[in-house]
Every structure is written in C-alpha cells, then in structure tokens.
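The values are calculated or read from the model by the stated rules, or taken from the named source; none is laboratory data. Since this is a predicted model, take the numbers as computed values, not measurements. Cβ atoms come from the backbone with ideal geometry, glycine included; neighbour counts cover every protein chain shown. Surface accessibility is based on the protein's heavy atoms, side chains included, excluding ligands, DNA and RNA. Shrake-Rupley method; radii C 1.70, N 1.55, O 1.52, S 1.80 Å.
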Amino acid sequence: MPQERTVGADFIVSVEVAAPLMKAVQTDEVADTVNYAVVTDIVREEMAVPSYLLEQVAGRIAQRVFDGFPQVEKVWVDIRKVNPPMGVHCKGAGVKICFAR
C-alpha cells in the first residue's frame, strides 16, 4: 500500500533450514554449522530492500542462505506483516515458503 511505503510496516520473520549437521554435533564448532548470526544479518539486509511482494523478499533471503551455506538443503522463510491494512483485526498476514536446492 502507498502509505506503507511512507511510514513503513512491522514484520516478523522466521527462517528454518535443513542441513546435515552431524559434524557440528561432534565438533562443537560454529564453522561446522549454519551460523544463525549470519542468517540474521541476511534477513536484516533483505528486509531493508523496498519490495512490493513478501514472496520476492523470501526468495532473496533463501537464495542468500543457499549461497552462504552450501550444506543447506532446504530453507523455510516465514514473513508476517503485523497489523496489515486490510480493514479487519488479525494477528498478521504473510507468506511461508519452502525452498529446496
């Protein structure tokens, strides 16, 4: 909506990944897992890019997770807009998409 481009909106973003992580289980080393601090930075950066569709943002987040972590097989990205301007009271509206290599 045009007013959202001016004043912004609040979102809740959740990212889940599927990857073989047994090496991290054994080594207890961050280098052997998917670093959630890096994933958080990816989300923050992509959410800052103006976009019309949440689907497009979700796709960019997933692609960057795949690019940064070759061991990741699937990425679920859930983006919810809090208080969307739909004329009804609801907890939010958004998308949850599963991306697979």
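Here's a check for you: in the stretch 80-101, which residue that is under 15 Å from residue 18 (Cβ atoms) and not aliphatic (A, V, I, L, M) is most open to solvent (accessible area, probe 1.4 Å)?
Here the residue is 101.
Please determine, by comparing only the residues of the stretch 7-43 that are within 14 Å of the chain's Cα centre (by Cα), part of a helix (DSSP H, G or I) and not hydrophobic (A, V, I, L, M, F, W, C), which one is farthest from residue 83 (Cα to Cα).
36
Within the stretch 57-81, can you find the residues that are among the hydrophobic types (A, V, I, L, M, F, W, C) and in contact (Cβ under 8 Å) with a residue 60 or more places away in the chain?
Within the stretch 57-81, 75, 76, 77, 79 qualify.
Does residue 41 satisfy the criteria of being farther than 16 Å from residue 9 by Cβ and out of contact with any helix residue (DSSP H, G or I) (no Cβ under 9 Å at 6 or more places or on another chain)?
yes
If you check every pair at least six apart or on different chains, which have Cβ atoms under 8 Å apart with a residue in the stretch 16-45 that is in contact (Cβ under 8 Å) with a residue 40 or more places away in the chain and farther than 14 Å from residue 68 by Cα first and a residue that is assigned to a helix (DSSP H, G or I) and open to solvent by less than 60 Å² (accessible area, probe 1.4 Å) second?
Pairs that qualify, where the first residue is in contact (Cβ under 8 Å) with a residue 40 or more places away in the chain and farther than 14 Å from residue 68 by Cα and the partner is assigned to a helix (DSSP H, G or I) and open to solvent by less than 60 Å² (accessible area, probe 1.4 Å), are 21/32.
Starting from residues that are part of a strand (DSSP E or B) and crowded, with 18+ Cβ neighbours inside 10 Å, keep the ones in the stretch 61-79 and report whichever is farthest from the chain's Cα centre (by Cα).
75
Do we have residue 46 as modelled with pLDDT of 95 or more, surrounded by fewer than 18 Cβ atoms within 10 Å (Cβ to Cβ) and part of a helix (DSSP H, G or I) here?
no
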